[in-house]
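What follows is a set of notes on a single structure, which appears directly below.
What follows draws every value from the coordinates through simple rules; no lab data is involved. Bear in mind the structure is a predicted one, so any value in this text is a computation, not a measurement.
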Amino acid sequence: MDGKTKIIIMVVVFIVSMALIFIGQKNVGYTGLATELVGLAGLIGVIYTYNKGYK
């Protein structure tokens, strides 16, 4: 996978993860919590992928 494709995928995952976190904050209960946790997992995945290149 070339660099531009990887960056585009990371940006899309970042935006979707942030949207999930914002949507999860509006929902009260376990559904909102689960939505936020999925968004958090996406953000952690983006950060992990970014930092893996600088190891």
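Assuming a strict under-29 Å limit between Cα atoms, what lysine pair count do you get for the chain once near-sequence pairs (fewer than 8 apart, same chain) are dropped? Could the numbers behind the result be given before it?
On the way: Lys4/Lys52; Lys4/Lys55; Lys6/Lys52; Lys6/Lys55.
Eligible lysine pairs with Cα atoms under 29 Å apart amount to 4.
Given a 10 angstrom Cα cut-off, can you work out which residue in Val16, Val38, Val28 is the most mobile in a GNM of the chain?
Of the options given, Val28 has the highest mean-square fluctuation.
Once every DSSP H run of n ≥ 4 in the chain is given -39500 (n - 2.57) and the sum is divided by its residues, what mean residue ellipticity at 222 nm do you get, rounded to the nearest 500 deg cm²/dmol?
Working: 2 runs with 47 residues, N = 55.
Result for the chain, helices only: -30000 deg cm²/dmol.
Taking volume of the Cα convex hull per residue in Å³ as the quantity of interest, determine which of [x] 109; [y] 135; [z] 63 was computed from the displayed structure.
The calculated read-out lines up with [z].
Tilt of helix 3-26 relative to the longest C-alpha principal axis of the chain, in degrees (0 to 90, nearest 10)?
Computed tilt is about 10 degrees.
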